[in-house]
1. If you only keep lysine pairs separated by 8 or more in sequence, or across chains, how many in chain B come under 18 Å at the Cα atoms?
2. Compute the accessible area per residue over chain A, keeping the other protein chains in place, probe 1.4 Å, unit Å².
3. What is the pair-distance distribution P(r) of the protein assembly as shown, computed from all Cα-Cα distances in 10 Å bins starting at 0, with each bin given as a whole percent?
4. In the full protein assembly as shown, how much of A:Val112 is accessible to a 1.4 Å probe, in Å² to the nearest 10?
5. Just to be sure I understand the interface: list residues from region A:89-112 that lose 40 Å² or more of accessible area between the chain on its own and the complete protein assembly, 1.4 Å probe.
6. So how many Å³ per residue does the convex hull of the Cα atoms of chain B work out to?
7. Using a 1.4 Å probe on the protein heavy atoms only, what accessible surface does A:Lys11 show? Give it in Å² to the nearest 10.
8. Grab the other residues whose beta carbon is less than 9 angstrom from that of B:Thr28, score K and R as +1, D and E as -1, and report the net.
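The values are calculated or read from the model by the stated rules, or taken from the named source; none is laboratory data. Computed from a predicted model, the values in this text were never measured in an experiment. Every residue, glycine among them, receives a Cβ derived from its backbone with ideal geometry; neighbour counts consider all protein chains shown. Protein only, heavy atoms only, side chains kept; ligands, DNA and RNA dropped before computing areas. Shrake-Rupley method; radii C 1.70, N 1.55, O 1.52, S 1.80 Å.
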Amino acid sequence: DAGITQSPRYKITETGRQVTLMCHQTWSHSYMFWYRQDLGHGLRLIYYSAAADITDKGEVPDGYVVSRSKTENFPLTLESATRSQTSVYFCASSEAGPRGYTFGSGTRLTVV
Amino acid sequence: QQQVKQSPQSLIVQKGGISIINCAYENTAFDYFPWYQQFPGKGPALLIAIRPDVSEKKEGRFTISFNKSAKQFSLHIMDSQPGDSATYFCAASFNDYKLSFGAGTTVTVRA
């Protein structure tokens, strides 16, 4: 199926554990993004990537790691999860600048 | 700090009424101002967008008003319908692919 998919949809993990959220897009868009959504803060950019093997920090990168070995995949890893990382995480891709954003359906992560 | 400030946090409107959401920004380099609509359990989806050389843009029942001198822009939802009940985000970008989002407004349309 064409589009952008995130997995898992829901995840509960314990404090201190490593967890990876997956994002896959089928359009071969150059740009991919990770945002977190929290009540009162809207969506905040964690990391983004302009192409395979090119990544850069966003507004709230601390505690997160990304990689992009293939154009279609952009995993987000929480190296040692903390309760403050409980959030809904959205992946997005774009080929047409800010006009062309398409978001995935999100991953709801709970850190207990 | 948030680069785009959005208000109100939530609003309730009767069916057929007008919903108005306001956003303000500080960075005069912003050159693209989209609005996103998000339904529960879904990702945000582009609703309508405007560039600062235009003061108003209308698409169906949705209108963006833009005031460059005041550094403010707003979304008007005319003839609000229950299906418009969603969270709306304003956003801004300058000459690149990154978007800065407002905090969001939850709109509830009562039948």
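1. Qualifying lysine pairs in chain B: 6.
2. Numbers: 5370 Å² over 112 residues.
Computed with neighbouring chains in place, this is 48 Å² per residue.
3. With 10 Å bins starting at 0, P(r) equals 8, 33, 34, 20, 5, 0.
4. Its accessible surface works out to 80 Å², give or take rounding.
5. When all protein chains are present, A:Pro98, A:Arg99, A:Tyr101, A:Phe103 each give up 40 Å² or more of accessible surface.
6. Per-residue hull volume (Cα only) is 98 Å³.
7. Estimated to the nearest 10 Å², A:Lys11 gives 80 Å².
8. On the way: positive: B:Lys68, B:Lys71; negative: B:Glu26.
Charge balance near B:Thr28 sits at +1.
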